[in-house]
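Here's the structure, in structure tokens; my notes come after.
The values are calculated or read from the model by the stated rules, or taken from the named source; none is laboratory data. Not measured: the values here are computed from a predicted model. All Cβ positions, glycine included, derive from the backbone under ideal geometry; neighbour counts span all protein chains shown. Keep in mind that these areas ignore ligands, DNA and RNA; they rest on the heavy atoms of the full protein, side chains included. Shrake-Rupley method; radii C 1.70, N 1.55, O 1.52, S 1.80 Å.
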Amino acid sequence: MKILAIETSCDETAAAIVEDGHRVLADPVATQIEVHARYGGVVPELASRNHVVDIVPVVRQALGDAGLGWADLDAVAVTRGPGLVGALLVGLQVAKSLAFAHDKPLVPVHHLAGHLHAVFLHRPGEPRPAGPAYPHVALAVSGGHTALYRVETPTAVYQLSNTRDDAAGEAFDKVSRMLGLGYPGGPIVEKLARSGDPEAIRFPQPRFKDGGPRARLDFSFSGLKTAVLTWIKRHAAEGLPEGQARADLLASFQRAAVDQLVVRTRRAAAQAGVGDVVLSGGVACNGVLRQRMADGLAEDGVTLHVPRPRWCTDNAAMIGGAAFAVAERRVAEHGPRHAPEDRRMTAIAAWRLHRPEQVAG
Ligand code: KG4
Ligand code: ZN
């Protein structure tokens, strides 16, 4: 089964063609990083406008790269949410129109279900990744999300925790901005932190006053961000830190952020009694996080699975992959046709992934 997928939830305009949920035949992405870089973060209105400009060429490119026509495709998948509503609507409208015009089923996908699925993707000719066994625990960590999930089956995902304030990627982006370093902050911070001492400054780990079951699994990054800002202000007489002082500050910040992610993920895996963990989302590109997570989980006898870097950040291949299980069911029940409900589908900007049936529809 070949699925054409569209993803426009944030600042990447992406299309892909994915076969049987794992083989990526094409996945062009038009990135808007330069458009938003001068503002230090994503400007929603500019994101929507650029999606409008880029989406049709990107879809054409996906078909061209894969050497396929509409007769070869079985379904259209699209990110229905969560994300910036104006940005989501562009992808959804295009997906609806194409599915209608070419009489294909339209499969809505939750953006996070996409991130969690990225670990199964590969190119034709490359070995298929072993992938995690079910059930497993997954950490989705990006500029918009930091949450733990228990993944029972490809379509039954339960959220175990969430961030109570900022996402981890947002903290990297904001710290980068405080130091006048650029956007997105994650890769810049990681690079500059390499020559720093992660033990130079001890930043505190969050503690929640409530003792609820999620208190030990939830995340918080705003305190860490404020602690970095306080440090910068305390040393303001010397100007913004540079050289070794900046490297030490960034390495210490990164250590604190990574520690928080690793400690809570290990805890969730132990509580759930699983042998596999998936790490996904833009922050999963971070080499220090990957290493410390793999080492920490190995101590517990747990195997870490991380998607290839290209599929860690936002892309449509993960959406086409995650859509497969739902598309198969849909075709089996209703045939390989467009349905009138497909035309009425709306975007869900704040789509919460808390019921299994909500993963992709
Ligand atoms: O998944 P993604 O492309 O978009 C969202 O859904 O948010 O993630 C982008 C986020 C940004 O905050 C970026 O700073 C962060 O991922 N990121 C990193 C690294 N590469 C990207 N954070 C830390 N270290 C990295 N190497
Ligand atoms: Zn994302």
Task: the stretch 206-242, residues that are at pLDDT below 95, more than 30 Å from R150 (Cα to Cα) and not charged (D, E, K, R) - done: H235, A236, A237, G239, L240, P241
Task: Out of A247, A270, sole residue that is of a type outside the set (D, E), modelled with pLDDT of 95 or more and open to solvent by less than 50 Å² (accessible area, probe 1.4 Å) - done: A247
Task: Close pairs from the stretch 184-196: first without any contact (Cβ under 8 Å) to a residue 24 or more places away in the chain and within 6 Å of ligand 1 (Cβ to nearest atom), partner open to solvent by less than 50 Å² (accessible area, probe 1.4 Å) and assigned to a helix (DSSP H, G or I), Cβ under 7 Å, at least 6 apart - done: G185/F172; G185/D173; G185/V175; G185/S176
Open item on the list: Condition first: surrounded by fewer than 24 Cβ atoms within 10 Å (Cβ to Cβ) and either more than 8 Å from ligand 1 (Cβ to nearest atom) or within 16 Å of A251 (Cβ to Cβ) (or both). Now tell me which residues in the stretch 276-288 satisfy that.
Closed with: D276, G287, V288
Task: the stretch 138-166: number of residues that are under 16 Å from the mean Cα position of the chain (by Cα), more than 14 Å from ligand 1 (Cβ to nearest atom) and free of Cβ contacts under 8 Å to residues at least 60 places away in the same chain - done: 1
TODO: State yes or no: is L240 in the same structural domain as G282 (by TED's automatic domain parsing), open to solvent by 60 Å² or more (accessible area, probe 1.4 Å), assigned to a loop (DSSP other than H, G, I, E, B) and away from ligand 2 (no atom under 16 Å from the Cβ)?
DONE: yes
Open item on the list: I'm trying to understand the selection: among the residues of the stretch 134-157, which are in contact with a Leu (Cβ under 8 Å, 6 or more places away or on another chain), open to solvent by less than 40 Å² (accessible area, probe 1.4 Å) and within 16 Å of ligand 2 (Cβ to nearest atom)?
Closed with: A138, L139, A140, V141, T146, A147, L148, Y149, V157
Open item on the list: Restricting to the stretch 167-183, count the residues that are more than 14 Å from the chain's Cα centre (by Cα) and within 7 Å of ligand 1 (Cβ to nearest atom).
Closed with: 2
Open item on the list: Just to check your reading of the model, which residue among K209, K191 is of a type in the set (K, R) and not in a loop (DSSP other than H, G, I, E, B)?
Closed with: K191
- [ ] Determine the pairs where a residue that is touching a residue at least 24 places away in the same chain (Cβ under 8 Å) and assigned to a loop (DSSP other than H, G, I, E, B), located within the stretch 299-317, has a partner that is open to solvent by 40 Å² or more (accessible area, probe 1.4 Å) and away from ligand 2 (no atom under 11 Å from the Cβ) with Cβ atoms under 7 Å apart, the partner being 6 or more residues away or on another chain.
- [x] D300/R266; D300/A270; V306/R290; C312/C285; T313/C285; N315/V29
Task: Subset of the stretch 167-207 (residues that are within 15 Å of ligand 2 (Cβ to nearest atom) and among the charged types (D, E, K, R)) - done: E170, D173
Open item on the list: Please verify whether A118 is of a type in the set (G, A, S) and over 17 Å from E19 (Cα atoms), treating the condition exactly as stated.
Closed with: no
- [ ] Kindly indicate whether K104 is more than 22 Å from G143 (Cα to Cα), modelled with pLDDT of 95 or more and in a loop (DSSP other than H, G, I, E, B).
- [x] yes
Task: Answer from R128, R177 - the residue that is touching a helix residue (DSSP H, G or I) at 6+ places or on another chain (Cβ under 9 Å), under 22 Å from W311 (Cα atoms) and open to solvent by 50 Å² or more (accessible area, probe 1.4 Å) - done: R128
